[in-house]
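Notes follow once the structure below has been shown.
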Amino acid sequence: MTIVSTSANSASSAAITATGSQISKQNETIYHQSNLLGTWTGTWSNTKQPFTFKVLKITGSTAEIEYTHNGKTEKGQAEVSQNLVTYGDITIGTKNGTKGAIEFVAGNVKQTGSLTKSTDTSATAATADPTKLVGSWSGLTSTGNAASFTVKSVTGTSADLTYTVNGITRKGTGTYNAANHVISFQGAQLHSEDGSAGSVTFTSIGKTYSVPVKKASTTTSKTSTFA
């Protein structure tokens with residue numbers, strides 16, 4: 001299955017020059033898994049029938065999913081591998097966590113379709129505390145990579161933030177994935193389990209890098225609300 005990136009920011013991301021250690025295997029897994037979590041909707045290209053595919057929770061190489069099609073909903077466990085989730089004859093994948101593709105293969109029968117992630121707050125996601133990620137995060141590697149994430153507020157699955165890597169600054173609204181404690185924005189991700197130390201992950205020229213970051217002890221950021 002080939003997943004084609006539709007991100008409008010791929011060119012600008014590639015312009016970031018990065019040196020140093022690449023992302024650890026554990027952080028790379030988190031990076032891909034956080035993109036897959038959520039509610040995906042689409043329409044099969046040949047039958048034009050709509051469907052919904054929810055990735056509710058990922059534990060290691062297993063995902064809890066809900067697949068709704070033809071007026072019925074199936075619940076079960078799927079296999080996870082990098083940026084792909086496979087449930088029986090169906091495989092979904094994404095590169096940017098916003099757009100993706102789906103493929104159904106059973107014998108000689110094959111269907112494909114495109115995916116769009118919708119705003120969703122599952123029961124699993126609702127148990128997380130978004131205030132842990134609100135604040136000013138910064139870090140520097142021994143090879144000179146500098147990264148900072150200032151998260152002003154989190155409301156539902158949206159995060160108001162400013163992001164800087166190696167002198168390039170962007171502002172906007174990121175996506176909060178509560179299940180994995182991750183905020184994603186324009187190809188970069190902030191991850192922290194405890195709200196005090198974490199990592200900023202980003203891609204450059206086809207490679208993924210990670211910068212360890214810590215949250216400043218004081219902040220004037222607004223109180224976060226999780227709707």
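The values are calculated or read from the model by the stated rules, or taken from the named source; none is laboratory data. Here the structure is a predicted model, which means the values were calculated and not measured. Cβ: placed from backbone, ideal geometry, glycine included. Neighbour counts: every protein chain shown.
Listed here are the strands (runs of 3 or more DSSP E) enclosed by the stretch 73-116 that have at least 2 residues being among the aliphatic types (A, V, I, L, M) and closer than 25 Å to THR175 by Cα: 84-87, 99-106. Residues in the stretch 184-194 that are in contact (Cβ under 8 Å) with a residue 40 or more places away in the chain, closer than 21 Å to THR59 by Cβ and not polar (S, T, N, Q): HIS191, ASP194. When THR157 is tested against (1) closer than 14 Å to TRP137 by Cβ; (2) out of contact with any Lys or Arg (no Cβ under 6 Å at 6 or more places or on another chain); (3) touching a residue at least 24 places away in the same chain (Cβ under 8 Å), only condition (1) is not met. Scanning the stretch 80-121 for residues that are charged (D, E, K, R) and under 23 Å from TYR176 (Cα atoms), we see that the one that is surrounded by the most Cβ atoms within 10 Å (Cβ to Cβ) is LYS117. If you go through the stretch 147-174 and pick out every residue that is under 16 Å from the mean Cα position of the chain (by Cα), more than 15 Å from LYS215 (Cβ to Cβ) and surrounded by 20 or more Cβ atoms within 10 Å (Cβ to Cβ), you end up with 2. For the stretch 50-62, what are the residues that are buried (at least 19 other Cβ atoms within 10 Å of the Cβ) and at pLDDT below 90? Across the stretch 50-62, the qualifying residue is only ILE58.
Here THR94 passes the criteria (1) out of contact with any Ser or Thr (no Cβ under 7 Å at 6 or more places or on another chain); (2) in contact (Cβ under 8 Å) with a residue 60 or more places away in the chain; (3) not assigned by TED's automatic domain parsing to the domain that holds GLU64 except the one numbered (3). Among all residues of the stretch 39-51, there is none that is of a type in the set (Lys, Arg), touching a residue at least 40 places away in the same chain (Cβ under 8 Å) and not in a strand (DSSP E or B). So for the stretch 77-85 (the condition being modelled with pLDDT of 90 or more and touching a Lys or Arg at 6+ places or on another chain (Cβ under 9 Å)), does at least one residue qualify? No; the residues of the stretch 77-85 include none that is modelled with pLDDT of 90 or more and touching a Lys or Arg at 6+ places or on another chain (Cβ under 9 Å). Under the condition of being within 19 Å of HIS181 (Cβ to Cβ) and among the hydroxyl-bearing types (Ser, Thr, Tyr), the residues counted in the stretch 40-61 number 1.
Highlighted here are the strands (runs of 3 or more DSSP E) found entirely within the stretch 124-227 that include at least 1 residues which are touching an Asp or Glu at 6+ places or on another chain (Cβ under 8 Å) and at pLDDT 90 or above: 146-155, 168-177.
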